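*Asks:* Handing you a structure now.
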Amino acid sequence: MAALGKPGIWWLASYPKSGNTWMRTFIANLLADGAAPVDINALDTGGIASARALLDEWLMHPSAEMSADELDHLRPRVNEWIHARATEARFLKIHDALRAGPGVPPLVGPASAAGVICIVRNPLDVAHSAANHWGCSMDESVERLCNPAHGLSLTIRHQGRQVRQHLGRWTDHVMGWAGIAAVPRLLLRYEDLLEDPHRHFAEVARFVGLPDDAGRVARAVAHSRFDVLAAQEAQRGFGERPEKSQKFFRSGQAGAWRERLQPGQVARIIDAQAPGMRRFGYLDALGQPV
Amino acid sequence: MRYLCYDLLIDSDLPLPELHEAPAVRLDGEPDVLIREGALPEEGSAYGQPIGPLAWATPRCLFMRAALCGRFLIEDGRRITWALAPGQDLASLRLFLLGSALGALLTQRGVFVLHGNAIRVGDGALVCVGPSGAGKSTLAAGLLGRGLRALADDVVALDARGRVLPGLPRIKLWQDAAEKLALDTQGLNRLRPGIEKFSVPMEDGAEWGAQPLRGVYELHVHRKDSVEIEPVRGIERVKLLQLNLYRQNFQAVQPTRPEHLMMLARLSGATRVARVRRPEFGFALDALMDALLADLEA
């Protein structure tokens, strides 16, 4: 099969539980254009940027013997290296905030990106989805979304499959990626993808230079529908499900926060995340959740 | 100071407490390897083509940055020049020196080097390779707990007859793994300041000499509760061994070596080669060790 899409790294950037895996599944199915859905355990689109295996391939020394601060400084160089030598389109998932902190170079820039697809989801829904994913209480999940120091793979007591990822507060995370400079970027809301998948996934196809004819996009959308993914997980499991979580594909809806979150938890999120929520239309003019 | 490691007499201006000093009978010989401090530039474009974001190489020369700690220049399989970055510590630099820099030097010398660790089992060596995080070090430490001895850590070098050379006498263990094995990390050296990974020192294996390679096991995790061993046969053996050569990007700049092809043929004919899968959640260390040792004896 001829190479599809412009060579280089296409970043699939999102806060966790915001539709990133859905996007990867769509792209895998669009590339494959098969009669049956692609196996969710064989989404060979390019992996995740924080994978130790990917870093260990290029850092010359094991990432496990480097500090998380060192890796924050080295990862941008690895990303540039991979991008500059890519002979085909590679779709790399990333949950890190664009920048780990002041004085740390951004993980992605013009020298390491063909483009960035940013997927944003209402933090009120992210909170309950993440509680399940992280195996923590709703209160804890809400606090993590509001914590400027929040991150993934923070343990330094054993070696995980991924290195530390700084997330920070949800609002800073989404505003950071949305504001990336000098890189082609496509901003998508999870809720819009749910409402009109054919239109928005066709936009994705055009953005990265993949075939966008209605039939092919429709097949890829159908093969990456929530019920198809959930059925695959029920049958064969999903390798990306965390140990503490029963199911990775759990509900895939918008607005379920109304049943799942307590008023105090909603207020806490709105209070901490107002800039991003306003920017992406999750709050109305009166500051009420939409 | 002079040390013996991988049967190389190493003369170093940087004290290397991780290595055992060379025995008196070897002290007077011409050293095989010189390790010296020297001025090195920040980047290595003067030394060859880039082979990664932090390394430049020709077949006889490799310049690499050791994360943010410093730089190394490895030349002719004989000399390592080191430079410590301002504000960095020597323990960190030594970790990278005794890992990748030494591995690169062995590669330049044409030594067949596997990425993994080696344990002495009976009158031979069991070599465990596999992706980072599969649990190679925990497995090695577990086997040590059963009274076996470590031969080499991270860099497994074979001699011309395909035997495992005694290498770095230690095992590197994370805090959690040490606790799982009921090992107290209080008295152990941290590999680097700020990293909860410890060095478990071993007795010097140099006196044992090179050990026949009895088995190569590629360790993986899977989402089952069982430990499974799948023998690898035919040409797949050669592929598995090739894929586990030390750092593919070092190998890529090396000329094709007929002796390596001979070695691959020899190993794939004479050695057990298998893929081993252990549960991702819950290590099943005892079951894994039982299965491996039984397989080796089978």
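Coordinate-derived values only; no laboratory data. Predicted model only: the values in this text are computed from it and were never measured. All Cβ positions, even for glycine, are placed from backbone atoms using ideal geometry, and neighbour counts span all protein chains on display.
*Asks:* Rounded, prolate or oblate: which fits the protein assembly as shown, taking a ≥ b ≥ c as square roots of the Cα gyration tensor eigenvalues, rounded meaning a/c under 1.5, else prolate when a/b beats b/c?
*Replies:* prolate
*Asks:* Right, next: Charges on Cβ only, +1 for Lys and Arg, -1 for Asp and Glu, centred on the Cα centroid of the stretch A:192-273; of A:H200, A:A218, A:A230, which one is farthest towards the dipole's positive end?
*Replies:* A:A230
*Asks:* If you don't mind, another one. Tell me which DSSP H helices of chain B clear both cut-offs, 27 Å or more of axial length from alpha-carbon atoms and a mean Kyte-Doolittle hydropathy of at least -1.0.
*Replies:* Qualifying helices: none.
*Asks:* Ok, one more. From the square roots a ≥ b ≥ c of the eigenvalues of the alpha-carbon gyration tensor of chain A, which class results: rounded (a/c under 1.5), prolate (a/b over b/c), or oblate? Don't jump to the answer; show the numbers that get you there.
*Replies:* Details: a/c = 1.37, a/b = 1.07, b/c = 1.28.
Rounded is the answer for chain A, as its axis ratio a/c remains below 1.5.
*Asks:* Further, regarding this structure: Using +1 at the C-beta of Lys and Arg and -1 at the C-beta of Asp and Glu, which of A:P263, B:Q242, B:A265 has the Cα lying farthest in the positive direction of the dipole of the protein assembly as shown?
*Replies:* A:P263
*Asks:* ³J(HN,Hα) across the stretch B:61-75 via Karplus (A = 6.51, B = -1.76, C = 1.60, θ = phi - 60°), whole Hz, x for Gly/Pro?
*Replies:* Couplings: 8, 9, 10, 9, 8, 9, 6, 9, 6, x, 9, 10, 10, 10, 10 Hz.
*Asks:* Quote the relative contact order of the stretch B:2-109 in percent (integer), defining contacts as alpha-carbon pairs under 8 Å separated by 6+ residues. Walk me through the intermediate numbers first.
*Replies:* Values: 198 pairs, mean separation 21.1, N = 108.
Normalised by residue count, the contact order of the stretch B:2-109 is 20 percent.
*Asks:* Let me ask something additional. Quick check: from the Cα gyration tensor, does the stretch A:72-168 come out rounded (a/c under 1.5), prolate or oblate?
*Replies:* Taking the square roots of the gyration eigenvalues as a ≥ b ≥ c, the stretch A:72-168 is prolate.
*Asks:* Per-residue ellipticity at 222 nm for the protein assembly as shown, helices alone: DSSP H runs ≥ 4 residues times -39500 (n - 2.57), over residue total, nearest 500 deg cm²/dmol?
*Replies:* -10000 deg cm²/dmol, from helical runs alone.
*Asks:* For a quick check of your reading of the filter: which trypsin sites (Lys or Arg not before Pro) in the stretch B:56-93 sit in a DSSP loop and have no more than 16 other Cβ atoms within 10 Å?
*Replies:* Values: sites: B:R60, B:R65, B:R71, B:R78, B:R79; in loops: B:R60, B:R78.
For trypsin sites (Lys or Arg not before Pro) across the stretch B:56-93 that sit outside H, G, I, E and B with at most 16 neighbouring Cβ atoms in 10 Å, the list reads B:R60, B:R78.
*Asks:* With θ taken as phi - 60° and the coefficients 6.51, -1.76 and 1.60, list the Karplus ³J(HN,Hα) couplings across the stretch B:83-89 in order, rounded to whole Hz; mark glycine and proline as x.
*Replies:* Result, rounded to whole Hz: 9, 8, 6, x, x, 9, 10.
*Asks:* Taking loop as defined by DSSP and a crowding limit of 13 other beta carbons within 10 Å, which GluC sites (Glu not before Pro) in the stretch B:31-116 fit?
*Replies:* B:E42, B:E43
*Asks:* Next up: For the stretch B:206-298, which chymotrypsin sites (Phe, Trp or Tyr not before Pro) are in a loop by DSSP, counting at most 12 other Cβ atoms within 10 Å?
*Replies:* For chymotrypsin sites (Phe, Trp or Tyr not before Pro) across the stretch B:206-298 that sit outside H, G, I, E and B with at most 12 neighbouring Cβ atoms in 10 Å, the list reads B:F281.
*Asks:* Could you state the number of Å between the C-alpha centres of the stretch A:129-173 and the stretch B:1-34?
*Replies:* So the separation of the two Cα centres works out to 47 Å.
*Asks:* Please give the net charge around B:V232, taking every other residue with its beta carbon less than 11 angstrom from that of B:V232, where Lys and Arg add +1 and Asp and Glu add -1.
*Replies:* Values: positive: B:R233, B:R237, B:K239, B:R272, B:R275; negative: B:E218, B:E230, B:E236.
Net local charge, B:V232 excluded: +2.
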